[in-house]
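Below: the structure, in structure tokens.
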Amino acid sequence: MRVRSSGSSSGQTRRRQLSGQLSGPLRRFLATEAAGALLLVAATAVALAWANSPWSGAYEAVWATPVSLRIGDAALAMDLGHWINDGLMAVFFFVVGLEVRRDLAVGELTDRRRIVIPVVAGVGGMVVPALLYLLVAPAGEAAGGWGVVIGTDTAFMLGALALVGPAASTQLRVFLLTLTVVDDVVAVTVIGVVYSDRLDVPALLVAAAGLVALAVLDRVGAWRTWPYVTVALVVWVATVASGLHASIAGMLAGLLIPAFALRRHDVEGAATRFRAFRQSPMAEVGRSARDALTRAVPVNERLQLVLHPWTSYVIVPVFALANAGVDLRGGVLAEALASPVTWAVVIGLVVGKFVGIGGFALAGVRLRLGRLPQGVGPGQVAAGGALSGIGFTVSLLIISLAFDDPELRGQATVGVLLALVLAIALGAVVFRLAALLLGETTAALPTALARPVDPGRDHLLGPATAPLTLVEYGDFECPFCARATGVAKEVREHFGDDLRYVFRHLPLPDVHPHAELAAAAAEAADAQGRFWPMHDLLFAHQDQLEVEDLAGYAGQLGLDVEEFLRDVDEQRHAARVREDVADAEASGARGTPTFFIGDTRHVGPYDARTLIAELEAARAPGAVRTSGGAAPGLGGSSGTTHPAPGER
């Protein structure tokens, strides 16, 4: 299971929420994925040391402490250990559900073509480990622990990837996160159904009604956070009372929290309200501005922003502290190492994940069911599969549910801890071999402009010999592209003749149905020497891009309309647009807008102030000139563009 980071600027913001007031070095450390993994290691070490110390009795006593919530005659009572496993971990799975819903709405899972191989790999990463477990421990109570090996602790896995994987691994990280969606959904279903107690039907009906209420809130467009949180709490209480494990309540509630692409009119509305507040700083105007800003950001993302750092740095380490403490004294460790349960867990996680994920993924590619992400090699997929053998969080949770016998529980826990060490070691070895034998030294999108700027071909504004270059891959229906937001104008006004601005096409027809037609119209206008006027008109009328609208714009610009329409209808310039799209793919551009400072892809915020600062840095003394006569670029960028509405 996971509390994950995509490596994007928004993910870094989430990770910094709890560390914002700390010292610089510590804050920078906590902003890394390795930090979460090391916190888990520290919590596990404390749990093991405590459980094997003279104060081991206190360790057991702490988690057995009864804690109750009472309102009148109604009470909810559990010991502290169950509050952590059924309460805090429900929040963990709630965040997982939020992430999956967002991926389905605006993330990697919106393009179904990209998820075939990760889904195949995810299935293999559960089926093969479960089968290997049952081969080693086929009978008795031990056989009921097969669920221990189906999950992956993605937070721990990503931390290990940061430590032993390639220096740049954004594409491999996205691939692994996508396949764990399958892991998440199936593992939570197994926990909620297979390892639950006897069901209480009335409570189950209340939980179902709460889930329906969440769906209704989404349907009617409720934008405040508190109704969703209130109903989710009701669903959790009812699920606990029903006998189902609370993890399934967290996952299902998270899946029903709305996520959507940012809408330009909402952003503009918020900006308008803030301008009104600046002119009239009154309480009611300020409240209106605050509400407009809140409405512009989906509830899903607002909740993730708050909950991600708590799950990463508090909930998961506390869970490890409460569940990883195994008393290994008195020959317990020797007995565990001789137990088939221990080795069933180790083989299921380490061998099963390695073979299941790596083997199924590569078989899927061989059968042409799909392809690996750009920049990711087969050796890196196998190494990622090995790291997925870190079951930890979900494995420890299932151990607590699957085994009543304390000895079996301890033996399985030892297996999980051994698997953690062996999975990291195996992953490190396979990554090293992939680099040495296959040349797979990175697993990230390209950061360099594949085709240098050509003044004789490209669409330029500004002197062709200007010392600075800003390249934009854009889509005429993208509401956040530079012309639509005024960014390009502001940047050009700042630099004047020191900047050449280049526009290249990256239409995204999956999300913008008129984008390719608009690109064809721009090129048809270019054939008559009027690219930039048509470019401006298309962005000014993004909601009016039908053929009759385009003909009207051609007439407005004084073009030969009949010739213009023949160009568009016969797709005379389609090859030019396809070349730009291919260049974007080869350059690592995945969404719109994507900017290049000189020859280097810009990552992060793309407001005018940020782009101006990047361009100023590019022309600072000591900056390296780029190829093709373009402006100096900024090295070291990696990752993907922002998750804008145009991202595909």
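The values are calculated or read from the model by the stated rules, or taken from the named source; none is laboratory data. Only a predicted model underlies this, so the values are computations on that prediction, with no experimental measurement involved. When we count neighbours, we look across all protein chains shown, and the Cβ atoms used for this are built from the backbone with ideal geometry, even at glycine. These area figures cover heavy atoms from the full protein model, side chains too; ligands, DNA and RNA do not enter into them. Shrake-Rupley method; radii C 1.70, N 1.55, O 1.52, S 1.80 Å.
Rg ratio for the range 247-287: its Cα radius of gyration over 2.2 N^0.38 Å, N being its residue count, equals 1.87. Element breakdown for the chain at a 1.4 angstrom probe: carbon and sulfur atoms account for 62% of the accessible area.
Counting only DSSP beta bridges whose two residues both lie in the chain, roughly 70 percent are antiparallel. Computing FRET efficiency as 1/(1 + (r/R0)^6) for ALA620 and ASP454, where r is the C-beta to C-beta distance and R0 is 25 Å, gives about 0.45. Between 0 and 90 degrees, the angle of helix 392-402 with respect to the longest Cα principal axis of the chain falls at about 40 degrees.
Could you work out how much longer the chain between ARG278 and ALA613 gets when fully extended? Use 0.36 nm per residue separation minus the Cα distance between them, nm to one decimal. Extending this stretch completely gives an extra 118.0 nm. Just to confirm the number: angle between the C-alpha axis of helix 33-51 and the first principal axis of the chain, 0 to 90 degrees, nearest 10? So the helix axis and the longest Cα principal axis differ by about 10 degrees. Measuring max minus min along each principal axis, the C-alpha atoms of the range 493-578 give extents of 38, 32, 25 Å (largest first). At q = 0.11, 0.16, 0.24, 0.27 Å⁻¹ the log10 of I(q)/I(0) for the range 283-353 amounts to -0.59, -0.83, -1.04, -1.10, computed by Debye summation with a single uniform scatterer per C-alpha, solvent ignored.
Projecting each Cα onto the charge dipole of the chain (Lys/Arg +1, Asp/Glu -1 at the beta carbon, about the Cα centre), which of VAL116, LEU550, VAL149 comes out farthest on the positive side? About the Cα centre, the residue reaching furthest to the positive side is VAL149.
Modelled label positions at TRP55 and GLN556, each set 7 Å beyond Cα in the direction of Cβ, lie 7.4 nm from each other. Distance from the alpha carbon centroid of the range 214-235 to that of the range 494-541 works out to 41 angstrom.
Relative to the current alpha-carbon distance between THR189 and ALA74, full extension at 0.36 nm per residue lengthens the span by 38.5 nm.
The ASP498 and ALA334 beta-carbon pair, evaluated with R₀ = 56 Å, returns a calculated FRET efficiency of approximately 0.15.
Relative to the dominant Cα principal axis of the chain, helix 299-310 is inclined by about 50°. Per-residue packing, averaged as other Cβ atoms within 10 Å, sorts the ranges 332-345, 216-229 into the order 332-345, 216-229, beginning with the highest. Helix-only arithmetic for the chain: the sum of -39500 (n - 2.57) across DSSP H runs with n ≥ 4, divided by the residue total, places the mean residue ellipticity at 222 nm at -18000 deg cm²/dmol.
Only Cα sites of the chain enter the Debye sum here, all with the same form factor; the resulting log10 I(q)/I(0) across q = 0.05, 0.09, 0.10 1/Å is -0.27, -0.82, -0.98, listed in q order. Taking packing as the residue-averaged number of other Cβ atoms within 10 angstrom, the listed peptides 90-99, 66-75 run from highest to lowest as 90-99, 66-75. Summary of the geometry: the range 409-474 and the range 292-313, compared by the centres of their Cα atoms, lie 28 Å apart. Using a simple spin-label model with pseudo-atoms 7 Å out from Cα toward Cβ, ASP510 and ALA464 lie 3.7 nm apart. When all protein chains stay in place, what accessible area (Å², nearest 10, 1.4 Å probe) is found for ASP200? Counting only protein heavy atoms, the figure is 70 Å². If each Cα of the range 148-279 is one equal point scatterer, what is log10 of I(q)/I(0) from the Debye formula at q = 0.12 Å⁻¹? Rounded to two decimals, the profile gives -0.70.
Extending 7 Å from Cα along the Cβ direction at THR294 and again at ARG263 yields two label points whose distance is 1.8 nm. Per residue, the chain exposes an accessible area of 42 Å² to a 1.4 Å probe, with every protein chain left in place.
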